[in-house]
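Values quoted throughout were computed directly from the atomic coordinates according to the rules given, and no laboratory measurement underlies them. Predicted model, so just to flag it, every value in this text is computed and none were measured. Cβ: placed from backbone, ideal geometry, glycine included. Neighbour counts: every protein chain shown.
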Amino acid sequence: MRRATPSSPQGAEDAAALPLVLRVSADPQIKEAPVLRQVLLSASRSPRLRHVVETAPLSKQVVARYVAGTTAADAVRVTGRLLGDGRTVSVDHLGEDTLDRTQAEGIRDAYTLVLKQLADAGLAHGAEVSVKLSAVGQALRGDGEKIAYDNAYQICDAAKAADTTVTLDMEDHTTTDSTLSILGDLRKDFPSAGAVLQAYLHRTEGDCLDLATEGSRVRLCKGAYFEPESVAYQSRQEVDRSYVRCLKILMSGAGYPMVATHDPRLIEIASSLAAQNRRVQGSYEYQMLYGVRPEEQRRLARIGEKVRVYVPYGDEWYGYLMRRLAERPANVAFFLRSLISKK
Ligand SMILES: Cc1cc2nc3c(=O)[nH]c(=O)nc-3n(C[C@H](O)[C@H](O)[C@H](O)COP(=O)(O)OP(=O)(O)OC[C@H]3O[C@@H](n4cnc5c(N)ncnc54)[C@H](O)[C@@H]3O)c2cc1C
């Protein structure tokens, strides 16, 4: 039985609400610990640890920093607040690796519900949804790909009815071909459906070239999974260099680049590349995660850039939280302390 049900108090996205995180993040040794990153990414897939974490007296604060809440209403409320603040949103119903068809359909229905609620609240113009195909059936044995396609199709249809669109999140490298192939099929009827490419994969420059076409929305991120050397760059420098090469392709191409990073250097490079390629503001966008660098999100919005915040909600926050901790092991001390907290 899951116990921690995060609520997102006003202002929970502000790092100022979490002074302890800021204090421990000053330790560069913790910040750069690659072994810890590997452990956390493995932990994100461990059912045993998941049980321990979910049933611990977990401080609501840890989860609420990154997650809007558990219900569609929570996602709509946070979306309204971010839109009111000049940002746009991509809503993610948390869940992945669904191994049961009914559960996959439940996630599809959760998306159609949240899309309807966003439309009813008059917010859909500024809020799309992000969908993980593994959450809607891709990993099911047999006809998993077909089930994922059908469910994603219905979500795209609901998004179209709400006058917005969908982006397909990218998961580990074993799913890349399947996800890009399903995206290609969806784009025949929903051309605005967005792709995600991960700069840490060796293949991604080639995928950028393929997808930098007229009207093609492409989110470029570094990549959040634990990938082997055979398919992915391992060092930060190599990943960053690949990110820049990919960004050059996307910014000079005919598509719509979505620059998903919190990295100050890459944000600066993206802005120079946009200028070099004579892109006007709004012909590309910046994307960041809910709760990560909110002040930078506001700064970019203030100078007229389009900023989209990725807002996850739902009960299935465990894998998501572990990947966020792996990106910033400095937060782990805060997390561990919250595990033993009685509050
Ligand atoms: C909108 C969006 C969508 C994404 N979709 C996907 C996807 O579909 N598939 C996928 O594999 N990955 C996805 N990611 C995750 C991405 O791949 C990276 O793992 C993540 O963004 C961290 O990389 P970074 O570019 O921010 O750089 P990093 O080098 O990790 O961070 C740069 C700086 O940002 C700040 N920062 C970064 N993370 C945190 C944090 N958790 N807490 C506090 N500060 C932090 C720190 O100041 C850090 O020094 C997505 C990311 C975003 C922003």
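Please work out whether the chain counts as rounded, prolate or oblate from its C-alpha gyration tensor, where a ≥ b ≥ c are the square roots of the eigenvalues and a/c under 1.5 means rounded, while otherwise a/b larger than b/c means prolate and anything else oblate?
rounded
If neighbour count is taken as other Cβ atoms inside 10 Å, put Arg203, Arg48, Arg87, Arg323 in order from fewest to most.
In order of increasing Cβ crowding within 10 Å: Arg48, Arg203, Arg323, Arg87.
Arrange the following residues from fewest to most other Cβ atoms within 10 Å of their Cβ: Thr174, Thr70, Thr98.
The fewest-first ordering by Cβ neighbours comes to Thr174, Thr70, Thr98.
For Lys188 and Leu36, what is the calculated FRET efficiency with R₀ set at 41 Å and r taken between the beta-carbons, to the nearest 0.05?
Given R0 = 41 Å and the Cβ-Cβ separation, E is 0.40.
What distance in nm separates the simple spin-label points at Asp263 and Val52, each placed 7 Å from Cα in the Cβ direction?
The answer from the label model is 3.2 nm.
With a/c under 1.5 counting as rounded, go ahead and sort the stretch 113-180 into rounded, prolate or oblate using the C-alpha gyration tensor (a ≥ b ≥ c being the square roots of the eigenvalues; past the cut-off, prolate if a/b is larger than b/c, else oblate).
Since a/c reaches 1.5 and a/b is larger than b/c, the shape of the stretch 113-180 is classed as prolate.
Ranking Leu180, Leu220 by Cβ neighbours within 10 Å, fewest first, what do you get?
Leu180, Leu220
Give me a comma-separated list of calculated 3J(HN,Hα) values for the stretch 260-271, in order, Karplus coefficients 6.51, -1.76, 1.60 applied at θ = phi - 60°, integers in Hz, x for any Gly or Pro.
Values, residue by residue: 9, 7, 9, 6, x, 5, 5, 5, 5, 5, 4, 5 Hz.
List every residue whose amide H lies under 5 Å from the amide H of Ser130, counting only residues 5 or more places away in sequence or on a different chain, with H placed 1.01 Å from N in the peptide plane.
When sequence neighbours closer than 5 places are left aside, the close amide H contacts are Val91, Asp92, His93, Thr167.
Check which residues have an amide H placed less than 5 Å from Lys306's amide H, if you skip close sequence neighbours.
Gly282, Tyr286
About its Cα centre, how strong a charge dipole does the chain have in debye, to the nearest 20, once Lys and Arg get +1 and Asp and Glu get -1 at the Cβ?
For this selection, approximately 1160 debye.
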